[in-house]
1. Using the structure shown, decide if Ser81 is of a type outside the set (Asp, Glu), exposed (fewer than 12 other Cβ atoms within 10 Å of the Cβ) and modelled with pLDDT under 90.
2. Which residue out of Lys99, Lys14 is loosely packed, with under 15 Cβ neighbours inside 10 Å and at pLDDT below 80?
3. Identify the residue in segment 65-78 that is hydrophobic (A, V, I, L, M, F, W, C) and in contact with a helix residue (DSSP H, G or I) (Cβ under 6 Å, 6 or more places away or on another chain) and, among all such residues, is modelled with the highest pLDDT.
4. Does Asn30 satisfy the condition of being under 23 Å from Leu101 (Cα atoms), surrounded by 13 or more Cβ atoms within 10 Å (Cβ to Cβ), at pLDDT 75 or above and not aromatic (Phe, Trp, Tyr)?
5. Would you check which residues across segment 77-101 are more than 22 Å from Asp62 (Cβ to Cβ) and not in a helix (DSSP H, G or I) and list them?
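The values are calculated or read from the model by the stated rules, or taken from the named source; none is laboratory data. On a predicted model such as this, the values are computed, not experimentally measured, just so you know. Quick reminder, even Gly has a Cβ in these numbers, built from the backbone with ideal geometry, and neighbours come from all protein chains shown.
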Amino acid sequence: MEKKFTKGEWVMYKHAKSCVCADGGRIVANCGAYFNNIDYENVQTENDANARLIAQSPNLLDSLEKLMLSVKAHPDYISGSDGDEWHDLISLSQEVINKAL
């Protein structure tokens with residue numbers, strides 16, 4: 001399946017009370033907003049966490065795909081001697097990847 005997300009390294013920037021993930025300066029996702037009469041410190045903490053997660057999503061996807069390949073190559077997975085545990089986890093992981101892409 002072709003990956004349709006923004007290519008390149010993603011980084012997190014903080015700017016004007018908003019957290020932004022950018023690729024080469026281009027905005028990919030704005031994780032924040034301007035707030036009035038809201039506990040800014042708590043909102044900003046959540047925005048920062050969301051921005052870090054979004055910025056790392058390409059790396060998370062790559063790691064999950066490599067982990068799945070590794071599990072699929074394991075003799076217990078191939079022989080089925082692991083029961084359904086690993087097969088179920090691989091299926092769940094593939095579902096999550098399909099939803100993300």
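1. Spelling it out, Ser81 is indeed of a type outside the set (Asp, Glu), exposed (fewer than 12 other Cβ atoms within 10 Å of the Cβ) and modelled with pLDDT under 90.
2. Unique residue meeting the criteria: Lys14.
3. The extreme case among them is Met68.
4. Answer is no for this residue.
5. Those that are more than 22 Å from Asp62 (Cβ to Cβ) and not in a helix (DSSP H, G or I): Gly80, Ser81, Asp82, Gly83, Asp84.
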